[in-house]
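What follows is a short report on a single structure.
The values are calculated or read from the model by the stated rules, or taken from the named source; none is laboratory data. Here the structure is a predicted model, which means the values were calculated and not measured. Backbone-built Cβ (ideal geometry, glycine too); neighbour counts: all protein chains shown.
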There are 4 protein chains.
Amino acid sequence: MDKVGVWLIGARGSVATTATVGAAAIRAGVAPPQGCVTESPGFPGRLVPLAGLVFGGHDITETSLRKRAEQLSRAGVIPSGLAELLAPDLDAADAEIRPGHVPGDGAQAAAAARLIGDISGFRDRHRLGRVVVVNVSSTEPPAGRRPEFDRLSDLEERLAAGDDVLPPSSLYAYAAFHAGCGYVEFTPSTGPALPALAELAAQRGLPYAGRDGKTGETLVKSALAPMFAGRALRVRSWSGLNLLGGGDGATLADPAARSSKELSKDQVVAGVLGEPVEGRTHIDYVADLGEWKTAWDHVTFEGFLGVRMALQFTWQGCDSALAAPLVLDLARLVARAHEKKRAGALPELGYFFKNPLGTDEHALPAQYARLRTFAEELS
Amino acid sequence: MDKVGVWLIGARGSVATTATVGAAAIRAGVAPPQGCVTESPGFPGRLVPLAGLVFGGHDITETSLRKRAEQLSRAGVIPSGLAELLAPDLDAADAEIRPGHVPGDGAQAAAAARLIGDISGFRDRHRLGRVVVVNVSSTEPPAGRRPEFDRLSDLEERLAAGDDVLPPSSLYAYAAFHAGCGYVEFTPSTGPALPALAELAAQRGLPYAGRDGKTGETLVKSALAPMFAGRALRVRSWSGLNLLGGGDGATLADPAARSSKELSKDQVVAGVLGEPVEGRTHIDYVADLGEWKTAWDHVTFEGFLGVRMALQFTWQGCDSALAAPLVLDLARLVARAHEKKRAGALPELGYFFKNPLGTDEHALPAQYARLRTFAEELS
Amino acid sequence: MDKVGVWLIGARGSVATTATVGAAAIRAGVAPPQGCVTESPGFPGRLVPLAGLVFGGHDITETSLRKRAEQLSRAGVIPSGLAELLAPDLDAADAEIRPGHVPGDGAQAAAAARLIGDISGFRDRHRLGRVVVVNVSSTEPPAGRRPEFDRLSDLEERLAAGDDVLPPSSLYAYAAFHAGCGYVEFTPSTGPALPALAELAAQRGLPYAGRDGKTGETLVKSALAPMFAGRALRVRSWSGLNLLGGGDGATLADPAARSSKELSKDQVVAGVLGEPVEGRTHIDYVADLGEWKTAWDHVTFEGFLGVRMALQFTWQGCDSALAAPLVLDLARLVARAHEKKRAGALPELGYFFKNPLGTDEHALPAQYARLRTFAEELS
Amino acid sequence: MDKVGVWLIGARGSVATTATVGAAAIRAGVAPPQGCVTESPGFPGRLVPLAGLVFGGHDITETSLRKRAEQLSRAGVIPSGLAELLAPDLDAADAEIRPGHVPGDGAQAAAAARLIGDISGFRDRHRLGRVVVVNVSSTEPPAGRRPEFDRLSDLEERLAAGDDVLPPSSLYAYAAFHAGCGYVEFTPSTGPALPALAELAAQRGLPYAGRDGKTGETLVKSALAPMFAGRALRVRSWSGLNLLGGGDGATLADPAARSSKELSKDQVVAGVLGEPVEGRTHIDYVADLGEWKTAWDHVTFEGFLGVRMALQFTWQGCDSALAAPLVLDLARLVARAHEKKRAGALPELGYFFKNPLGTDEHALPAQYARLRTFAEELS
């Protein structure tokens, strides 16, 4: 089976670094593939082996992967000693990281050409069957709608005219598609979710998936909401507070970026239950939590004869450790879908996302069943 | 469609009273069928309408259903005013409650004959197509194994000889089968789970289901454990404390009865995850909680690169309000299975139980899918 | 000992109704004085007996106290049957409720004259030794500063000129002082906390206390923060989410009013620990919670050698039931302080408030010790 | 000021190792004295400086302190690098650890003589003004009462006759007193709490304190219970589950040892509230938690007019990190009390214990106030 490239936008971030270290550790046989859905016992289908993944990407910072790995080691995300042990792999990945596009620093049309060249060069150098571009960079503020987002020709006309109309994540999706790559939007940002980019993916026969990796509190929500629905227990309110440290949290200290994330989170419960539910989800940045995250959810519900009951849960997770294996899963699945000539949004990958493209299904059990069927079909 | 009888063992208990009041309230149009799985929108299949259920049963106490309903009203389980409003229905059900068998008070063979007569009389008086016997009485201590439990002929020989070998719940199951009725074991007690009784049910072509209604903490466990499994997150420990008030709790103040319940609870997680998991579930009786129950669960799990994370939840529920609608669901489903000539244990009803008979499936999503298919097939 | 009048601003609200019903119930011997600090065994000092309190007040709504009591009964705040039993007491209090001042409805100077007359009339009719005015109405948005707030003469000049400069709560405090009454600001509103009003209270020799009754989450905070301080454990973050139903919550759906409350809550921890602490407190209105409130707090702290640890708590309380007995305590204590010729802010009553006037002490144990000493001194 | 010896029973255990490392780190200026009560800003009195403490002790294992420190480093209790940095200090303490007495291995009278010699030798070698013996070894099962425990002469007669009647912790206390040292019982074991040993301490003019360091869940209990009492809120039930990993937990897997601990925990709430309260505290060993501990407590309480409310908390702490600085506090305070000729049990140190000797006071605020007064008096 051909090797597959994983091109990470935000390649020096916590998630990307953890994914790169983890893939190398599993390849070296020093860590089990825990947290990788596609490696769990009995998971169907035939995908590129984890050892067949090659890493590269874009980033706007220059700290080396080794240094980032050591930081994550001190933060308890990566076992100590692993960064040293896997230094050659990290250096190899480091050598394939190119400068990301800094908004405002040159026109988007020129930037896109450069990004496309970076990705194509990576594919050629490593003779990769396919490359999947995965955005794991910081969350953007929600993007406004613009008329040129609706048609590819209008969009390209505007870019050619020197108008920088695309949000950064969408510029990367645009470059990925032009480079002939599948794309995964792992953040809540817009990415490929514009009609003009869907048109481009269709033209090029490229698959994509997103948005916003479902790693923690929302994962639990999507497991519990169907339980209430199945038992005919009426959910009356669902409220939550997320306390985030680290890079993710710092970005979300910006209210605009936070609103992208909160919107993404709030639709899951209503999506599963089929009706709006009182309550909202707050996100707070608490620097002291480091790479960790604590979320509390409080649910009130009504049973037989209107009796009121309540469920609370507290989730204490490490987002990078939860996201990184999913990045590997998604890269492998999208590469295989590409190989099998699937184009457009992949609703079958909704299991991985808070705000799945191409489907309204938010219930975790239904998403999981669909994922397994998809994996079987891809074989 | 024929009317269906619901014969409740423990007919004056909290669950039975709530079920009787609730069915009457729904029939009278003063309460929605919330909490009834088989009444939820889109649930497939064709069952006897709730208005077609007729109630009777056995109990060893004599407090009237009206009085019990008023007690439950003060405890917040039944809306105030409902007991008065539905007094004629409660009195009608009361008139169909016969004295339960008090262990030690006469030989089991004679007791069985009397119980069979009670159930048959009820069916005849109301010209019921079918009667389902549902045990919602107090939990028994675990019963030891005996050689005569393995063959019906040996069992009947011992009973004929005046040996009272059956645990009370199994005596009721024995009587139910001899009376030609399906049986539901809603408690953790032995009930029909003896080879000799399976033989009897097979001979008579009767379906049965059990054991131990999955109403609260264990329900949540069975929704969350598959989430961990699907995401390849390794559960390292799962501990819990259940604080129970009310009748259920008082019974469980007896360590022997408690051990039946704790065993029933502890197998769900290991059952879903396919490996034993450290930790145990405690049950405490806290009189002050009245009809309410609070459970706390603490789960540690391991993700990518061995990172440790944790999930806690607190469930605050009212067991009677959670159990009562499931009793109605089960009576309707077993009656329909009986009509469709299904005999023996019904693994398709595992969705309702902590310790499902005839299956090892404990994952809630899989159980729910199987229930829906079953309901469709019964149409 | 003379009778004491309790004049409630917001006399038909949940807190006022519960206080009025509760005082009558205790007087009638049908409820113990649970929740009343000044009635707890061994509490020092000599205060007017609860049976010596007479109730009246202002409100802008007209629903009768009986009706309000029945509503609170259905909500589970007042035991059922109590409203009927105590109907004569409620009717008597009802007869002493006068229309509150609706902002914008006439000049404040004229309004103040009318309010003063209402309070004085109440005192005269019942021959009360003293009247204490207690504000338990809805929370106001934070009031801006104005130059005329600094001197009584400037303030009275502006009022005389027809300028309505006072926030409503301060208008009531102004009227209370002019009527010769002590005043308690039980809400986060400004009330007497203006230099001009402090001047007036000093002139008239009147005591006052406030602000913002410490009834739930903040009470727990002020008990736990000193524990960390005493043990030299460094608190690193303290975050919280309050979910409020009922009247209080609905008012706080208004972001401006909410900000008054959040400010009041956030200062306690820093006040006790003597340094700012990361994290904030959110307040959400969740109508489904009715008269109940659920708060979750999450604290991270650092121990020996920098080890990080965490504490979480969930508080589930009924604010009216928690606030009402404190209103009785405060009325009795302020009446006694008035009798003993204490004038100005009473820092000794900081135990009752989130934002105590006249003191920076926020630690519950220190506040409690000071309260007991004060109660002894008043004897 | 003279140097003070800290002689640790269980000198290679987690608490002792953390205390030894921590004292060295603080002395070296590489860690702040966080968690040390006697070092907190404004704490009164004059004690031996932390740099004046010299460490030695007994243990029955032989793993070096350096190795134990590295283990605790991997477990996250001690910052990485500290064990290497402080190796000379650890080696020095290691050189002062002598073999503990293994029960059954020789008569207690002879063992006591040897233990006394060990302690005296340590004092002489280092020319220490005073030595305080602190028991931080594993918890013993509760010891039965024996007639010879009531009088020193009877006890010594039995020992002389070769009867090994003392529980191990009491043998160490006996040796400590004979060696002229103060003693701290930091575990729930019997230690000095026998009339015969009180007699010995009185004869020799030696102070002692105990039992069972109040480090986590019970600390929180003793902060919260007085809050309920002060507010006249009636606690109706208090239940808890403790999940313990590590050495402490493993010992407590033995039901007999666990019962010592559970008894110690359950008396605090009743002690503060002055009446028995429904509910109990469970302790479970969960190996997966390592050096960490998670406890959940659930409290129901009743307020005004009987309204029911609830409080839950979850404590996630590291027992060694919480206990170690208190060991330093206690050694300093007991050494100073010894110097000031205080003899017998020191009730003023109840702040540090779940089951304080010489006092029934369990409320944390009262204990803290008494500790501060004591510290002032010792100056």
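For C:A202, work out the one condition from (1) within 14 Å of chain D (Cβ to nearest Cβ); (2) in a helix (DSSP H, G or I); (3) small (G, A, S); (4) over 16 Å from C:D266 (Cα atoms) it doesn't fulfil.
Looking at each condition in turn, C:A202 falls short on (1).
So is C:S73 touching a Pro at 6+ places or on another chain (Cβ under 9 Å), within 14 Å of another protein chain (Cβ to nearest Cβ), outside any strand (DSSP E or B) and without any contact (Cβ under 8 Å) to a residue 12 or more places away in the chain or not?
yes
Does D:Q367 satisfy the criteria of being among the polar types (S, T, N, Q), farther than 30 Å from D:P79 by Cβ, within 14 Å of chain C (Cβ to nearest Cβ) and in a helix (DSSP H, G or I)?
When the stated conditions are applied, D:Q367 passes them.
Is it true that some residue in segment A:54-61 is within 14 Å of chain B (Cβ to nearest Cβ) and buried (at least 22 other Cβ atoms within 10 Å of the Cβ)?
Looking for residues that are within 14 Å of chain B (Cβ to nearest Cβ) and buried (at least 22 other Cβ atoms within 10 Å of the Cβ), one finds none in segment A:54-61, hence no.
Name the helices (runs of 4 or more DSSP H) wholly within segment B:82-170 that hold at least 2 residues that are of a type in the set (G, A, S)? I'd like the intermediate steps shown before the answer.
Values: elements: B:82-85, B:87-94, B:108-125, B:152-160.
In segment B:82-170, the matching helices (runs of 4 or more DSSP H) lie at B:87-94, B:108-125, B:152-160.
Rundown of residues vs (1) touching a Ser or Thr at 6+ places or on another chain (Cβ under 9 Å); (2) touching a residue at least 60 places away in the same chain (Cβ under 8 Å); (3) within 14 Å of chain B (Cβ to nearest Cβ), yes/no style:
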residue	(1), (2), (3)
A:P79	yes, no, yes
A:L82	yes, yes, yes
A:P99	no, no, no
A:L115	no, yes, no
A:R123	no, yes, no
A:H126	no, yes, no
A:V132	no, yes, no
A:N135	yes, yes, no
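What is the number of the single condition among (1) crowded, with 24+ Cβ neighbours inside 10 Å; (2) at the interface with chain B (Cβ under 7 Å from one of its Cβ atoms) that A:P356 does not meet?
Looking at each condition in turn, A:P356 falls short on (2).
Let me confirm something: among B:A51, B:A93, which residue is touching a helix residue (DSSP H, G or I) at 6+ places or on another chain (Cβ under 6 Å), among the small types (G, A, S) and surrounded by 15 or more Cβ atoms within 10 Å (Cβ to Cβ)?
Of B:A51, B:A93, the one residue that is touching a helix residue (DSSP H, G or I) at 6+ places or on another chain (Cβ under 6 Å), among the small types (G, A, S) and surrounded by 15 or more Cβ atoms within 10 Å (Cβ to Cβ) is B:A93.
Residues in segment C:271-324 that are more than 10 Å from chain D (Cβ to nearest Cβ), assigned to a helix (DSSP H, G or I) and among the hydrophobic types (A, V, I, L, M, F, W, C): how many?
Result for segment C:271-324: 4.
How many residues, within segment C:205-231, are free of Cβ contacts under 8 Å to residues at least 24 places away in the same chain and farther than 21 Å from C:D266 by Cα? Even if it seems obvious, please write down each step before you answer.
Step one: list which residues in segment C:205-231 are free of Cβ contacts under 8 Å to residues at least 24 places away in the same chain, which gives C:227, C:230-231.
Those still in the list that are farther than 21 Å from C:D266 by Cα too: C:231.
So the answer is 1.
For the list (1) farther than 30 Å from D:S80 by Cα; (2) at pLDDT below 95; (3) of a type in the set (D, E, K, R), I need the number of the one condition that C:D297 fails.
(2)
Listed here are the residues, each with its yes/no results for (1) under 30 Å from A:K3 (Cα atoms); (2) surrounded by fewer than 17 Cβ atoms within 10 Å (Cβ to Cβ); (3) in contact (Cβ under 8 Å) with a residue 24 or more places away in the chain; (4) of a type in the set (G, A, S).
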position: A:I119; (1), (2), (3), (4): yes, no, yes, no
position: A:E140; (1), (2), (3), (4): no, no, yes, no
position: A:A143; (1), (2), (3), (4): no, no, yes, yes
position: A:D154; (1), (2), (3), (4): no, yes, yes, no
position: A:P167; (1), (2), (3), (4): no, no, yes, no
position: A:Y174; (1), (2), (3), (4): yes, no, yes, no
position: A:F186; (1), (2), (3), (4): yes, no, yes, no
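Every residue in segment B:171-199 that is within 11 Å of the chain's Cα centre (by Cα) and assigned to a loop (DSSP other than H, G, I, E, B), please.
Narrowing segment B:171-199 to residues within 11 Å of the chain's Cα centre (by Cα): B:183-189, B:191.
Matches in segment B:171-199: B:F186, B:T187, B:P188, B:S189, B:G191.
Do you know which residues across segment B:25-68 are in contact with a strand residue (DSSP E or B) (Cβ under 7 Å, 6 or more places away or on another chain), of a type in the set (A, V, I, L, M, F, W, C) and in a loop (DSSP other than H, G, I, E, B)?
Scanning segment B:25-68 gives B:V48, B:I60.
I'd like to know if segment B:158-173 contains one or more residues that are modelled with pLDDT of 95 or more, in contact with a Ser or Thr (Cβ under 6 Å, 6 or more places away or on another chain) and of a type in the set (G, A, S).
Yes: one or more hits.
Checking the conditions here, which among C:E348, C:E361 is of a type outside the set (F, W, Y), assigned by TED's automatic domain parsing to the domain that holds C:V134, within 17 Å of the chain's Cα centre (by Cα) and over 30 Å from A:V307 (Cα atoms)? Don't jump to the end; show me each part of the working.
Numbers: C:E361 fails: within 17 Å of the chain's Cα centre (by Cα).
So the residue among C:E348, C:E361 that is of a type outside the set (F, W, Y), assigned by TED's automatic domain parsing to the domain that holds C:V134, within 17 Å of the chain's Cα centre (by Cα) and over 30 Å from A:V307 (Cα atoms) is C:E348.
Just the residues that are among the acidic types (D, E) and touching a strand residue (DSSP E or B) at 6+ places or on another chain (Cβ under 7 Å), please, taken from segment A:169-204.
Our first condition is that a residue be among the acidic types (D, E); within segment A:169-204, this holds for A:185, A:199.
A:E185, the sole residue that qualifies.
With the requirement that a residue be within 14 Å of chain C (Cβ to nearest Cβ) and more than 27 Å from the chain's Cα centre (by Cα), what does segment A:229-248 give you? Let's see the steps before the verdict.
Of the residues in segment A:229-248, the ones within 14 Å of chain C (Cβ to nearest Cβ) are A:233-246.
A:L233, A:R234, A:V235, A:R236, A:S237 - these are the residues of segment A:229-248 that are within 14 Å of chain C (Cβ to nearest Cβ) and more than 27 Å from the chain's Cα centre (by Cα).
Looking only at segment A:4-47, filter to residues that are charged (D, E, K, R) and surrounded by fewer than 24 Cβ atoms within 10 Å (Cβ to Cβ); which one of those is nearest to A:T61 (Cα to Cα)?
Ranking the candidates gives A:R27 first.
Which of (1) within 14 Å of chain C (Cβ to nearest Cβ); (2) in contact with a Ser or Thr (Cβ under 6 Å, 6 or more places away or on another chain) is the odd one out, the single condition D:D94 does not satisfy?
Here D:D94 clears every test but (1).
Does segment A:288-306 hold any residues that are touching a helix residue (DSSP H, G or I) at 6+ places or on another chain (Cβ under 7 Å) and surrounded by fewer than 24 Cβ atoms within 10 Å (Cβ to Cβ), and which are they?
The answer is A:G290, A:F301.
Can D:G42 be described as over 30 Å from A:P79 (Cα atoms) and either free of Cβ contacts under 8 Å to residues at least 24 places away in the same chain or of a type outside the set (S, T, N, Q) (or both)?
Against the criterion (over 30 Å from A:P79 (Cα atoms) and either free of Cβ contacts under 8 Å to residues at least 24 places away in the same chain or of a type outside the set (S, T, N, Q) (or both)), D:G42 qualifies.
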